[in-house]
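Peer 1: Dumping the structure here so I can ask a few things about it.
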Amino acid sequence: MTADYDRLQKGESMSWEENVRKVVPYVPGEQPKIKNIIKLNTNENPYSPSPFVYKAYEEVDLDDYRKYPDPTCSVLVDSIADFYGVKKENVFVGVGSDDVLAMAFLTFFNSDKPILFPDITYSFYDVWADLYRIPYKQIPLKDDFTIDPEDYKGENGGVVIANPNAPTGVKLPLEAIEEIIKSNRDVVVIVDEAYVDFGAESALPLIDKYDNLLVVRTYSKSRSLAGLRIGYAFGCEKLIKYLLDAKFSFNSYTMNMPSLTLGAAAMRDREYFEKTTAKVVETRERFKVELRALGFEFADSATNFVFARHPERSGKEIFEYLRSNGIIVRRFDKPRISEYLRISIGTDEEMDKLISALKEIV
Ligand SMILES: *Cc1c(COP(=O)(O)O)cnc(C)c1O
């Protein structure tokens, strides 16, 4: 007792701590409590969810919530299978694509060889690899932030590619993605398509051709439902079955009732989805022109954000200036990209305010 007390006082670790799985967690972009800010830091959609979601919400019977939700998530899985014209056996759903990806890492990456992903990419990949003790190798993007498929041809325990990539916004043509899948038939290749709806070609049609391909998607960006936490994945039946086995060994009820019913409702509204994504793309293209006119430099973005730097002003300086003017963007204090700002595409009005603010500083 006293010995323990002394150790604690001295800040020394207790013996139980030797057996703790120590991790350095992922840090998501901030969700400020302040009202009236322009929030362009986490790539959420500026438009409301589909009216179909509002209607389904009105029809919710709270008494149903006494019961457990459907562990097979059939209403949601069926809506996704219908929308994309695949079989329900090809679809897996999770609590955001973060959950889907975490489950996929756990299920598919169990080799002694390192998994491969770019040095600049979604910063959760190395966190999951560390959490699960999966060896990994981060492959440098080329200077123009593109991925060279040749770099993904060595021996490895699996591959993860975000396409388009984040936070760069750069897309890889489908032929290059296919080349990576084809040269890695003995491991699983995960293609994270969180932003694909804003302008890249999906690898979805390849799931029939390659049984080692998992395509991961989310409701958080193109379907305006980050708050509901819904992600999904496509793969061959066998791959999906392995994912389900792992999921049912972890938590049978990952998806709550509102996610199932409201998520299915959102998926049924193709027209609204197409209209809102087209609007985001239109705003992005206009924003690119204005940003370039202010001297910003950026690789062409196929997403709902632009990753840009200014040759004469530091990333930190612009970030702080914008923040003090009520505009929040994202900056990563990491090698190669610390001068860049990742700016989510908001409404036209929000982007106009951002441009006006930028004109004051650059
Ligand atoms: C936003 C994002 C995710 C996670 O999305 P959720 O579905 O909200 O968990 C996954 N991958 C990339 C590249 C993202 O940008």
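Peer 1: GNM, the chain, Cα, under 10 Å: largest mean-square fluctuation among Glu17, Glu317, Glu285?
Peer 2: So, out of Glu17, Glu317, Glu285, the one fluctuating most is Glu17.
Peer 1: Still on this model: Which three semi-axes in whole Å describe the equivalent ellipsoid of the stretch 296-362, each the square root of 5 times a Cα gyration tensor eigenvalue, listed largest first?
Peer 2: 17, 15, 11
Peer 1: Quick one: of Lys288/Lys316; Lys22/Lys241; Lys87/Lys279; Lys33/Lys171, which pairs are farther than 23 Å apart, Cα to Cα?
Peer 2: Over 23 Å apart, Cα to Cα: Lys22/Lys241; Lys87/Lys279; Lys33/Lys171.
Peer 1: Taking the chain as the region of interest, what is the percent of Cα-Cα pairs per 20 angstrom bin, listed from the shortest bin to the one with the maximum distance?
Peer 2: In order of increasing distance, the bins hold 28, 55, 17, 0 percent.
Peer 1: Among 333-345, 286-298, how do they line up from the highest to the lowest mean number of other beta-carbon atoms within 10 Å?
Peer 2: Listed from highest to lowest mean packing, they are 333-345, 286-298.
Peer 1: Computed FRET efficiency, Cβ-Cβ of Asp63 and Asp348, R0 51 Å: what is it to the nearest 0.05?
Peer 2: 0.75
Peer 1: Using 1/(1 + (r/R0)^6) with R0 = 30 angstrom and r between the beta carbons of Glu297 and Glu89, what's the FRET efficiency to the nearest 0.05?
Peer 2: E(calc), rounded to 0.05, equals 0.05.
Peer 1: Starting from 0.36 nm per residue, how many nanometres of slack lie between Val362 and Ser249 once their C-alpha separation is accounted for?
Peer 2: Fully extending the segment from Val362 to Ser249 adds 35.3 nm.
Peer 1: Follow-up question, since we're still on this one. If each of Lys33 and Ser48 carries a label point 7 Å out from its Cα toward its Cβ, how far apart are those two points in nm?
Peer 2: Each label point lies 7 Å from its Cα, and together they span 2.7 nm.
Peer 1: Then there's this: Grab the DSSP H runs of the chain that are 4 residues or longer, score each as -39,500 (n - 2.57), total them, divide by all residues and round the 222 nm result to the nearest 500 deg cm²/dmol.
Peer 2: -11000 deg cm²/dmol, from helical runs alone.
Peer 1: Using a Förster radius of 41 Å, what is the FRET efficiency between Leu174 and Met14 based on their Cβ-Cβ separation? Nearest 0.05, please.
Peer 2: 0.20
Peer 1: Can you give the relative contact order of the stretch 210-355 as a percent, counting alpha carbon pairs under 8 Å and 6+ residues apart?
Peer 2: It rounds to 17 percent for the stretch 210-355.
Peer 1: Quick check: residue separation of Asp333 and Lys182 times 0.36 nm, minus the Cα distance between them. What number comes out in nm?
Peer 2: Gain in length upon complete extension: 50.9 nm.
Peer 1: Pull up all non-local amide H partners of Phe305: gap of 5 or more, or a different chain, and H-to-H distance under 5 Å with H placed in the peptide plane.
Peer 2: Here Ile345 satisfy the definition.
Taken together, the values in this text are just the output of simple stated rules run on the coordinates, not laboratory data. As the structure is a prediction and not an experimental result, all values here were calculated from the model. Neighbour counts run over all protein chains shown; Cβ positions are idealised from the backbone, glycine included.
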